[in-house]
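Chemist: Supplied in structure tokens, the structure appears directly below.
The values are calculated or read from the model by the stated rules, or taken from the named source; none is laboratory data. For clarity, every value in this text was computed on a predicted model and none was experimentally measured. All Cβ positions, glycine included, derive from the backbone under ideal geometry; neighbour counts span all protein chains shown. Please note that ligands, DNA and RNA were not included when accessible areas were found on the heavy atoms of the full protein model with its side chains. Shrake-Rupley method; radii C 1.70, N 1.55, O 1.52, S 1.80 Å.
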2 protein chains.
Amino acid sequence: MSTAQPASPTRDTASATHGASSPRAAIEAANARVMSAFRAGDAAALAACYTPDAQLLPANSEAVSGSDAIQRFWSGAIAAGIADARLETAEVEAQGPLAVEVGRYTLAGADGGTLDQGKYVVAWHRDDAGAWRLHRDIWTTNRPAPGT
Amino acid sequence: MSTAQPASPTRDTASATHGASSPRAAIEAANARVMSAFRAGDAAALAACYTPDAQLLPANSEAVSGSDAIQRFWSGAIAAGIADARLETAEVEAQGPLAVEVGRYTLAGADGGTLDQGKYVVAWHRDDAGAWRLHRDIWTTNRPAPGT
């Protein structure tokens, strides 16, 4: 598609095998590192998946800005019982060093029980060395609002 | 910055005047149309601000996909009492026809009282005619979770 329409963002929703150089493959590999860090309970490793000036934009909170605050946020989530995060990429649109990923997440506790599930949008940056990092990270639960 | 680092996304966080051709200026103009449509209670005009295959990713819901569903969603929000939406762009990063906007929103009722406030990420697409439309739209409230 990017060959036929060079002015359009690269849209990559296929589930087929991707070359190592495709943004989707690189972002899925980065998400694998995020998931490993969650399973290891390693908030520092999680924070290292983000750009230094990244932001989380969680519900019921102001934005969480920068590596230290992001590490504290995920450390708190791990302490609160999140033992596993599954991230499933639905689509990646990339233009040069900027990519937008939409996906689905499932958070589980140590006993494997689902704590939350929903969807997310992540703006990724590719640095000069070719590494992709999360830059803006926002997600919303699919669960009904409490009390509804 | 885009002149000095052509490989980096165009980052445009300045509040100074922007030329008509800058992605930020175009996106702020598009947001002005979104705000006008809200104040007019015109869900069809709101839906027209989105790409035909756009998605909303609201909390407490599955994704809302496509113009008809988006129109119904905003029609429901207007019927529920949202009379005014204020959108304030915090940053725009653009690469060709793809842009990521981060901003703050405030929703108000007919009496001007604030119903909700929070933050959002929108992935925008520029079409072949140069018009920017919302393609992926996700937001989270800054308010505490109910019951906390």
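Chemist: As a test of the formula, what do you get for chain B when each DSSP H run with n ≥ 4 contributes -39,500 (n - 2.57) and the sum is divided by the residue count, at 222 nm and rounded to the nearest 500 deg cm²/dmol?
Modeler: Helix-only estimate at 222 nm: -7500 deg cm²/dmol.
Chemist: Same structure, new question: Suppose you put the label 7 Å out from Cα in the Cβ direction; list, shortest first and in nm with one decimal, how far A:GLY81 is from each other copy's label.
Modeler: 3.2
Chemist: Same structure again: Taking only protein heavy atoms into account and a 1.4 Å probe, give the accessible area per residue of region B:18-80 in Å².
Modeler: 45
Chemist: Report the one residue of B:SER75, B:ALA63, B:VAL102 whose Cα lies farthest in the direction of the positive end of the charge dipole of chain B (charges on C-beta: Lys and Arg +1, Asp and Glu -1; origin at the Cα centre).
Modeler: Projecting each Cα onto the dipole axis, the largest value belongs to B:VAL102.
Chemist: How far apart are the A:THR106 label points across copies, placing each 7 Å from Cα toward Cβ, in nm, shortest first?
Modeler: 4.1
Chemist: How many nm separate the modelled label positions at A:GLN117 and A:ALA69, each set 7 Å beyond the Cα in the direction of the Cβ?
Modeler: 3.2
Chemist: Continuing with the same structure: How large is the direction-averaged shadow of the alpha-carbon convex hull of the protein assembly as shown, in nm²?
Modeler: Numbers: hull surface 65.5 nm².
Approximately 16.4 nm², given one-decimal rounding.
Chemist: In addition: Rounded to the nearest 100 Å², what's the accessible area chains A and B bury against each other, both chains counted, probe 1.4 Å?
Modeler: Its buried surface, counting both partners, is about 2800 Å².
Chemist: To the nearest 20 debye, what is the magnitude of the charge dipole of the protein assembly as shown about its Cα centre, counting +1 on the Cβ of each Lys and Arg and -1 on the Cβ of each Asp and Glu?
Modeler: Dipole size: approximately 100 debye.
Chemist: Still on this structure: Around B:ASN60, under 12 Å between beta carbons, what's the net of Lys plus Arg minus Asp minus Glu among the other residues?
Modeler: 0
Chemist: Hey, another quick one. Over all directions, what mean area does the Cα convex hull of region B:32-142 project, stated in square nanometres?
Modeler: Across all orientations, region B:32-142 yields a mean hull projection of 6.6 nm².
Chemist: Over the Cα atoms of region A:106-148, each weighted equally, I'd like the Debye log10 I(q)/I(0) at q = 0.22, 0.27, 0.28, 0.35 Å⁻¹, rounded to two decimals.
Modeler: Results for region A:106-148 at q = 0.22, 0.27, 0.28, 0.35 Å⁻¹ read -0.82, -0.92, -0.94, -1.09.
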